[in-house]
1. Please state which of the following conditions LEU186 fails to meet, knowing it meets all the rest: (1) assigned to a helix (DSSP H, G or I); (2) within 24 Å of TRP104 (Cα to Cα); (3) in contact with an Asp or Glu (Cβ under 8 Å, 6 or more places away or on another chain).
2. Which one of these does ALA483 not meet: (1) out of contact with any Asp or Glu (no Cβ under 8 Å at 6 or more places or on another chain); (2) surrounded by 11 or more Cβ atoms within 10 Å (Cβ to Cβ); (3) closer than 30 Å to ILE370 by Cα; (4) of a type outside the set (Asp, Glu)?
3. Would you be able to tell me the number of residues in segment 423-452 that are open to solvent by 60 Å² or more (accessible area, probe 1.4 Å), in a strand (DSSP E or B) and over 21 Å from PRO473 (Cα atoms)?
4. State yes or no: is PHE343 under 23 Å from ASN572 (Cα atoms), open to solvent by less than 50 Å² (accessible area, probe 1.4 Å) and in contact with a helix residue (DSSP H, G or I) (Cβ under 7 Å, 6 or more places away or on another chain)?
5. Could you go through segment 404-412 and let me know if any residue there is open to solvent by 70 Å² or more (accessible area, probe 1.4 Å) and touching a strand residue (DSSP E or B) at 6+ places or on another chain (Cβ under 9 Å).
6. Which numbered condition in (1) open to solvent by 50 Å² or more (accessible area, probe 1.4 Å); (2) under 34 Å from the mean Cα position of the chain (by Cα); (3) not acidic (Asp, Glu) is the only one that MET468 fails?
7. Out of LEU299, LEU327, LEU293, I need the residue that is closer than 22 Å to LEU562 by Cβ, out of contact with any Ser or Thr (no Cβ under 6 Å at 6 or more places or on another chain) and open to solvent by 10 Å² or more (accessible area, probe 1.4 Å). Which one?
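The values are calculated or read from the model by the stated rules, or taken from the named source; none is laboratory data. Predicted model, so just to flag it, every value in this text is computed and none were measured. Note that we place each Cβ from the backbone using ideal geometry, even for glycine, and neighbour counts take in every protein chain shown. The area values use the complete protein model at the heavy-atom level, side chains included, leaving out ligands, DNA and RNA. Shrake-Rupley method; radii C 1.70, N 1.55, O 1.52, S 1.80 Å.
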Amino acid sequence: MGVINYKLSIRNSQFLIEYLGLRFPAVHKLSSLLLLLCFHVAVGQGNQAEYLEAKRQFSMKNYRDAMGSFQSLTSDPVFGAYASFYYGLSAYYQEVPRAALDIWKQILRKYPDWDQNDEVNFWISRLSFEKKRYLDGVRHAEKLPQDLKNSVLETAMDNLDLAELDGLYAANQENELLAMLYFQALTNQSYEERDHKQLLALSEKFNFNAERFLTDMPKIEKEKYGIALVLPFMFDSLQNPQSVIRNRIIFDLYQGMMLARDSLENEEVLLEFYPFDTKKMGFKAGQMVRDSLLNDADLIIGPLYQEPNEVIKSYSIQKEIPMLNPLSSNGGIVAENRLGYLFKPSYETQGRKAGEYAVKNFSKNKNAMILFETPRDQIIAEAYKNVLEADSFNIVMFDMFDQETALQMQVDFTDQYEEVLDSLTQEQIDSIALIPNRYVRSRVKKDSLTGRPIRTLEGEDKLEYYEMKFTIPQDTLGHIFAATSNNLLANNIISLTDVRGDSIGVIGYSNWLDFKLVSYSQLERLNVSLIHTSFFNELAAEEIAGKIRKKYWTEPTEYHFLGFEMIMHIGNMFKEHGKYFQRGLVTGKFREGYLMEGLSFGSYKDNQVVPIVTVQDLNIVVQNNQNED
């Protein structure tokens, strides 16, 4: 019997070094691998001699003879795993790939705990990529240590064309490295050829930098930029003033946009508006397209209604002209158009951002109740719930909010019972009374049978002390998110939290500020937080309001401010980025607002700035100010 030291270490071998450096070259320095064999085992002289002979043939590149020698040892209890590995490697260099793959996969089944299986997976992955069996290549690369896996995939992916990467990612959509390599391949195409929808999806899912694939758009500067206003003006003539009254929102929006256009002209940013009246009709939008009325537009604002939107969306996709909806929060209307945007945050974004706010502010008690009234509210509520659940919040209730639910909540949350304090000393009772929101009451103690007062030996009435406690204990719930615009339902939430006097937090909508049944003092006392997507800076808005009164002889509305804010942002992005102003959106950079909080898009198709406000000293104050992030 003899003792020989051997150890296999492909990861540090010349094979791997050449593989990573030269991408699958022929291996020349085989002797270096053989020097790395040093494992301890006592073997019989016959098998040892045969193994040494197989090594000699392998080192001399006599792969056919080496295959025969190694094959006879594949079932050997000592040499089996090593002989099988080298049989496969000999088959690889003998250009018998099927035999190599079969024996290597057999090793993984027969010796699942072998400490050299990383090397086995490495060679299976390499050979699979060479034979264009990409799924097998990725599957076995996934089993390698992270640094080696990344090196293998990066090297292999360099040899794949975009169509192959597309199919490979489709089958491995959770592999971040593969997604990054696919993302890079997409960005290497010319701007016109890129699949921007897929790029946006990848950047959103894996948080890749969206700026990379859009900031290399050509910067085309123009003397004047055209904006088509495809809106339901519904204006026939002054002979029909009711049409103007019914569409006050659109005219206020338009006046705000014109005021911004005039302001930008003073900054040498020239915009030309092309107003088109859709009258809410699809055929009107179709007529605009057929008559080529939109061809000079660098941006289309609108439409607002479904029929004309479908027509203009198709035109936008075909001509690659960006569309911007000024009023909607329905993310679905821009989902299929890579150049479609919402100026306001979508319902999903409102829920997600409110959820992020809740995680930051209500994490001390992670029991949360989420209520919603309408299908729109449900979209917001579900996005909110997803954020909380990802942070291990306990959603004790997620349900539709109606009058029946509201009444039941009033009963459940305000129901109380008596807790008599007979077992406590007077000192303990007095100490309870000092605790905030704890109230000890007293009454004459009566005999349970006769109902007569019980007296002391001195003839005085004996007192008993008790507390009224809620059936649902105080501070059981951390906070409530009530996604409702209903006055009565909002008041229900406010009143039940007010009655309880505990620390339940509340998040609702900004229109609660307008409800007669809810006072500012209540909202301030209970520290209620509100989603306020139309929040305007009071001082800045007052300055613009004065200009609107002076120029248009009308009282300003939020739509004047919204139109002004939107065009100021767009005009300045035209100034900075030229015709392809959307480069200013996809960077994700926060753009401070003129009247509103600001603008930030990134890989999203809607504004990601969602102000959350509270009432302080009877003023509305933003709690998630972007400048402080």
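1. It fails just one condition, (2).
2. All conditions are met except number (1).
3. 3
4. Numbers: under 23 Å from ASN572 (Cα atoms): yes; open to solvent by less than 50 Å² (accessible area, probe 1.4 Å): yes; in contact with a helix residue (DSSP H, G or I) (Cβ under 7 Å, 6 or more places away or on another chain): yes.
For PHE343, the condition - under 23 Å from ASN572 (Cα atoms), open to solvent by less than 50 Å² (accessible area, probe 1.4 Å) and in contact with a helix residue (DSSP H, G or I) (Cβ under 7 Å, 6 or more places away or on another chain) - is met.
5. So in segment 404-412, the residues open to solvent by 70 Å² or more (accessible area, probe 1.4 Å) come out as 404, 407-408, 411.
Now drop any that are not touching a strand residue (DSSP E or B) at 6+ places or on another chain (Cβ under 9 Å), which leaves none.
No, segment 404-412 has no match at all.
6. Every listed condition holds for MET468 apart from (2).
7. Values: LEU299 fails: open to solvent by 10 Å² or more (accessible area, probe 1.4 Å); LEU293 fails: closer than 22 Å to LEU562 by Cβ.
Result: LEU327 is the single residue among LEU299, LEU327, LEU293 that is closer than 22 Å to LEU562 by Cβ, out of contact with any Ser or Thr (no Cβ under 6 Å at 6 or more places or on another chain) and open to solvent by 10 Å² or more (accessible area, probe 1.4 Å).
Conditions (1) assigned to a helix (DSSP H, G or I); (2) at pLDDT 95 or above; (3) surrounded by 19 or more Cβ atoms within 10 Å (Cβ to Cβ), marked per residue:
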{"position": "GLY351", "(1), (2), (3)": "yes, yes, yes"}
{"position": "ALA354", "(1), (2), (3)": "yes, yes, yes"}
{"position": "LYS360", "(1), (2), (3)": "yes, yes, no"}
{"position": "SER363", "(1), (2), (3)": "no, no, no"}
{"position": "ALA368", "(1), (2), (3)": "no, yes, yes"}
{"position": "ILE379", "(1), (2), (3)": "yes, yes, yes"}
{"position": "TYR384", "(1), (2), (3)": "yes, yes, yes"}
{"position": "LEU388", "(1), (2), (3)": "yes, yes, yes"}
